[in-house]
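Notes to accompany the following structure.
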Amino acid sequence: MKKDNFKKKAGLLAHHLRPAASAFALGISAAILATLLRTLFTQIIRFTVDTVLLGETGALPAFLSGRNAGMLLTLACTAAAVVALLEFAVGFVQDSSLPKGSERFVKSLRDALYTHIQRLPYSWHVQNPTGDIVQRCTSDVEKVRSFIADQVLELMSTIFLIAVYMGVMFSMNVRISLVAMAFVPVIIAYSVIFFGKIAKHFTEADEAEGELSTVVQENLTGVRVVRAFGRERDELKKFREKNKKYTDIWLRVGAMMSNFWTLGDLLSMSQVLCVIVLGVHMCVSGEITLGTYLAFVSYTRQLTWPVRSLGRVITEMSKVGVSLDRLLYILESGEEVRPAAPQSADLRGEIRFEHVSFAYEEKPVLRDVSFTVPGGSTLGILGETGSGKSTVALLLARLYDPDAGRITIGGVDVRDMDQQTLRRGVGVVLQEPFLFSRTLSENIAIAREGATQEQIEQAAQDACLTHAISEFKDGFDTVVGERGVTLSGGQKQRTAIARTLLTGAPVMVFDDALSAVDAKTDEAIRTHLREAAGDATLILIAHRVSTLMQADHIIVLEDGRIVEQGTHAELLRRGGTYARVAAMQSGTGEEVSARG
């Protein structure tokens, strides 16, 4: 199982590294060259000390033999300067290439995430908090980017550095090299053990961060409700609890990291100390030269931080492993089922629900529901809360699929239609519509590309929104707050109605879309609605009988079943649920309303 998970993570990284391969290859090559140049620079210092300062010319190559100390010093300084300049140049290449690579990588990953999220079923979005999704697509993506851009390079450079330094050090003296390298596996093993212990804490921290993000997101988007009901103190308490949980986890992680770095410092300093003590002894006894001793001390000190950083890199690996799991959760979530060969249908044709049943998480909502809506007619739906009214709209737009039965438009099962075509053809106005933080004009026009201002204003007039807009200082250019928070409930609903009317969709569903307007405005909108909709099929879901009374056919839902259906007049004559609701709303009844 772990092996398969590792393959998935490696495959994910490899796929999105392709656009950045050239930039990363150039950056890594520059890093490797920089390591070789640092190694060479230390050898130049060794040569300068032994040959120029101490005069040990026995090991000089033939082309340097016979040259005086001044000339040798000049050559050594020149070589050191050239190496330093080259190291500066390759450092520039490394620093300019890696950011390009990391940004190309992260762009590819973000594109894949956002594209996949657009294809996930509506039920997935309902089950996953928005704050958590945002946190996965921002914080977790950034952790992966940082790991690829920094830690992977550091890991590869460290491994190469150890290999090169081992070769050079063993070529100078085996005994002192064994002492210097004896600490490397100890420090690496210590890092691996630490990695195993801390991984679960990073998982907890990511989950806690997701919960904290969700609380903040819900509070900000629901600010109107929070203020209206005086829930600021409760929301603050909820935030503080989540914030404390998140902070406590990171405090535990911080304590573990502190212990790790302290012991790591002790091991690293012990490594340097042992090399210094042994090196001084061997230098005094004549086993190695002073230049060789200084080279060993330099190489050991240069190894200290990279080897210690392996612990940090491995720690980051634990973090990025958690982040990759969280990203794979999104990318491996099943996409919305699409028909292999989508069928075209006349969306202005007859709509049929045939023995449709549906349940939310095993809780039945619709039970064997059947009805027909002739094309171009108006259907009214009445029912109490939880009777399944809104579910009819969601199933028709195929945001969910029925558990049993089928739904057809123009004789074609909605499951066999192209989703994009279906949803463009079925305009749904919800009781709580979503508005973007843009102008009123842009919010109305968002559903129809290229809509003219004249068309936008006509749709607003049909939705009885023109008078309200005229009272705003900037008119149609008025910017509404996030989710339309600056508008009243009725104004938001009318804006959403105007948006749907502008699309000219052949099927329009109004799910309690007039609940926030007064009876007079309700009547005015209904007066314009049929004319504005043209030959579109209308489905009106409402709790007001007055909203439904002009429908061609009305069905009454109770506990997910159709208990009554007929015209307004027919249902009144039967004296059932519909008639009781009508009587109550007219002020003459005494029984409880079947409000939806």
Apart from one, (1) under 30 Å from residue 420 (Cβ atoms); (2) at pLDDT 80 or above all hold for residue 340; the odd one out is (2)
Can you name the condition, by its number, that residue 424 falls short on among (1) of a type outside the set (S, T, N, Q); (2) without any contact (Cβ under 8 Å) to a residue 60 or more places away in the chain; (3) assigned to a helix (DSSP H, G or I)?
(2)
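Within region 212-225, identify whether any single residue is under 22 Å from residue 433 (Cα atoms), of a type in the set (Ser, Thr, Tyr) and modelled with pLDDT of 75 or more, and answer yes or no.
Filtering region 212-225 for residues under 22 Å from residue 433 (Cα atoms) gives 214-225.
After this cut, where a residue has to be of a type in the set (Ser, Thr, Tyr) as well, the list is 214, 221.
Filter once more, keeping what is modelled with pLDDT of 75 or more: 214.
There is at least one residue in region 212-225 that is under 22 Å from residue 433 (Cα atoms), of a type in the set (Ser, Thr, Tyr) and modelled with pLDDT of 75 or more.
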If I filter region 464-518 down to residues being basic (Lys, Arg) and buried (at least 16 other Cβ atoms within 10 Å of the Cβ), which single residue comes out as modelled with the lowest pLDDT?
483
Please determine, by comparing only the residues of region 100-143 that are free of Cβ contacts under 8 Å to residues at least 24 places away in the same chain and of a type outside the set (Asp, Glu), which one is farthest from residue 415 (Cα to Cα).
138
Please identify the pairs in which a residue from region 322-348 that is closer than 17 Å to residue 408 by Cβ has its Cβ atom under 6 Å from the Cβ atom of a residue that is of a type in the set (Gly, Ala, Ser) and part of a loop (DSSP other than H, G, I, E, B), counting only partners at least 6 apart or on another chain.
345/410; 346/410; 348/375
Taking region 88-108, which residues are over 16 Å from residue 25 (Cβ atoms) and either touching a strand residue (DSSP E or B) at 6+ places or on another chain (Cβ under 7 Å) or modelled with pLDDT under 90 (or both)?
91
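Look at residue 230 and say whether it is over 30 Å from residue 44 (Cβ atoms), of a type outside the set (Phe, Trp, Tyr), at pLDDT below 85 and not in a helix (DSSP H, G or I).
In short, yes.
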Subset of region 371-395 [in contact with a helix residue (DSSP H, G or I) (Cβ under 8 Å, 6 or more places away or on another chain) and in a strand (DSSP E or B)]
378, 380, 381, 382, 383
Answer with yes or no whether residue 398 is outside any helix (DSSP H, G or I), closer than 16 Å to residue 121 by Cα and in contact with an Asp or Glu (Cβ under 9 Å, 6 or more places away or on another chain).
yes
Answer with yes or no whether residue 171 is at pLDDT 85 or above, hydroxyl-bearing (Ser, Thr, Tyr) and closer than 28 Å to residue 27 by Cβ.
no
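The values are calculated or read from the model by the stated rules, or taken from the named source; none is laboratory data. Not measured: the values here are computed from a predicted model. Every residue, glycine as well, gets a Cβ built from its backbone with ideal geometry; the counts of neighbours run over all protein chains shown.
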